[in-house]
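Right, one structure below, let's go through it.
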Amino acid sequence: MAELLTMPKMGFDMAEGTLVQWVKKEGDALAEGDVVAIIETDKANVEVTTFRSGVLRKILVESGTVVPVGKPIAIIGSADEDIQSLIQAQESVAPTREVAAKVISEAEVPPIEGVGVAPEIEVGRMLASPVARRMASELGIDLTQVRGTGPGGRITKADIETFVRESAREAPQPVIAPPAPVPLQPPASVEYAVELVTPIRKTISRRMAESKQQAPHFYITMEVDMEAAVALRQQLNALLPEEEKISINDMVIKAAAIALRQYPRINASVAGDEIHLHRRVNIGIAVALENGLIIVVVKDCDQKSLNRVAAETRAMVTRAREGRMQADDMVGGTFTISNLGMYGVENFAAIINPPQAAILAVSAVRRVPVVNEAGGLVAGTRMKMTISADHRVTDGAEAALFLQALKAALEQPMRLLL
């Protein structure tokens, strides 16, 4: 039976994406998991994969189109199946280019000097990437004044940046009285470079500001004896090829999954006046990219082996850094881990990734002097971890018990293999 392929939702605040490219064409045979299209969000380019095998019978959305989440973009079915009723159903609800153009033409747009302010109207199917739309909204730019240089006149990030530069050059400089001297910017003699804040940085800023404003954070730090975990990792990696080796972060993910099963209120999220205690343990991993930070999500970590957690994490991080993420890579997270240990960070606290209830900050594994049970000073292997938790969902005692469970799993690492 023919089915609709829809625009996926990647992140709880995603409303739309741009269909950048069709990888497959109508009539192509598809296997489950094949990459069909590439879409662009305000964070990354993402691969859209098929949920079933069959034939790509009909493409419903052209490349370069901005598509709301959940809107059908294609029909997948068998080669000889009648799909006319599905096509007609989509055509009956899809606005035409003429209707969209009419909405724009009938809107009252007052003349504005300098940078235009976007009118509060629906711009229909104007070709503009989500990045360009977000930049235009935040900078107060009317997209109808911007010349698109992308395929089919599509407005891109570069077009917005060009528009801003040209507007700044063309805008007349008003004559105003000099203000009282305030050191808000470097003096003219100091050289500096100027760059526009990228959309991904704006998204990060907006979400982190919302998190700090809305979630009453509290923080607990605990130190872990990593001697046994490091030794076990060395033993396992001696038996594994280079591309399958286990990292300390993989062990932390698995240990966190064990602890989250014991303390489900840490594996929760806030939805208005409700607290959602998640049945699945899906751990998000913060990945640093050149232009910002994204979260990839390892699903059902409590039910998977350490090897499989490591393999899935490695694959998703690689896809993220190569700019070919899949739709499922960024969604469904119930808890997040941010690890800066590879940078030698001794200790830090992270901001909660909304709407989740907590995030774990993991620092470097370090050789440090410790006092043993006999009172002697010996070399030890230690790692600090800090949980940031939402006081609307949990309290200090429960968060501390969670850290104790996580610490126990790492200090008795054979539990990670059970």
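Accessible surface computed residue by residue for region 321-386, with neighbouring protein chains in place and a 1.4 Å probe, gives 46 Å² per residue.
Quick check on packing: order 370-380, 23-33, 191-201, 289-299 by the mean number of other C-beta atoms within 10 Å, highest mean leading.
Per-residue mean Cβ counts within 10 Å order the peptides as 289-299, 23-33, 191-201, 370-380.
Descending by average beta-carbon neighbour count within 10 Å, the peptides 62-68, 352-358 line up as 352-358, 62-68, the highest first. Evaluate the relative contact order of region 354-418 (contact order divided by residue number), counting alpha-carbon pairs under 8 angstrom at least 6 apart; express in whole percent. Taking the mean separation of contacting Cα pairs over the length of region 354-418, I get 28 percent. Express the carbon and sulfur contribution to the solvent-accessible surface of region 1-91 as a percent, rounded to the nearest whole number, probe 1.4 angstrom. Taking all protein chains in place, region 1-91 shows 48 percent carbon and sulfur surface. Filter the cross-link list K157/K245; K25/K71; K71/K254; K71/K202 down to pairs whose alpha-carbon distance in this structure exceeds 28 Å. Check vs 28 Å cut-off fails for K157/K245; K71/K254. Considering only C-alpha atoms, what is the centroid distance from region 147-162 to region 251-273, in Å? Cα centroid to Cα centroid, the span is 43 Å. For region 1-94, the share of alpha carbon pairs falling in successive 5 Å distance bins from zero is 3, 14, 26, 24, 19, 10, 3, 1 percent.
State in Å² the accessible area per residue of region 1-74; use a 1.4 Å probe, count heavy atoms of protein chains only, and round to the nearest integer. Spell out each step's value before the answer.
On the way: 3150 Å² over 74 residues.
Result: 43 Å² per residue.
Dipole size of region 296-418 about its Cα centre, with +1 on Lys/Arg Cβ and -1 on Asp/Glu Cβ: approximately 400 debye, rounded to the nearest 20.
Each part reduced to its alpha carbon centroid, region 198-230 and region 289-356 end up 13 Å apart. Of the chymotrypsin sites (Phe, Trp or Tyr not before Pro) found in region 287-389, not one falls in a DSSP loop while having at most 12 other beta-carbon atoms within 10 Å. Here region 195-241 has 55 percent of its accessible surface on carbon and sulfur atoms, given a 1.4 Å probe and all protein chains in place. When peptides 307-314, 220-227 are ranked by their average number of other Cβ atoms within 10 Å per residue, the highest-first order is 307-314, 220-227.
Taking square-rooted eigenvalues a ≥ b ≥ c of the alpha carbon gyration tensor, is region 192-299 rounded, prolate or oblate, where a/c under 1.5 means rounded and, failing that, a/b exceeding b/c means prolate?
On the way: a/c = 2.22, a/b = 1.28, b/c = 1.73.
It comes out oblate by the Cα gyration axes.
Averaging 1/r over every pair of different alpha carbons in region 282-373 and inverting the result gives a Kirkwood radius of 14.5 Å.
The values are calculated or read from the model by the stated rules, or taken from the named source; none is laboratory data. Because the structure is predicted, anything quoted here is derived from the model rather than measured. Glycine gets a Cβ as well: all are built from the backbone with ideal geometry, and neighbour counts include every protein chain shown. Surface accessibility is based on the protein's heavy atoms, side chains included, excluding ligands, DNA and RNA. Shrake-Rupley method; radii C 1.70, N 1.55, O 1.52, S 1.80 Å.
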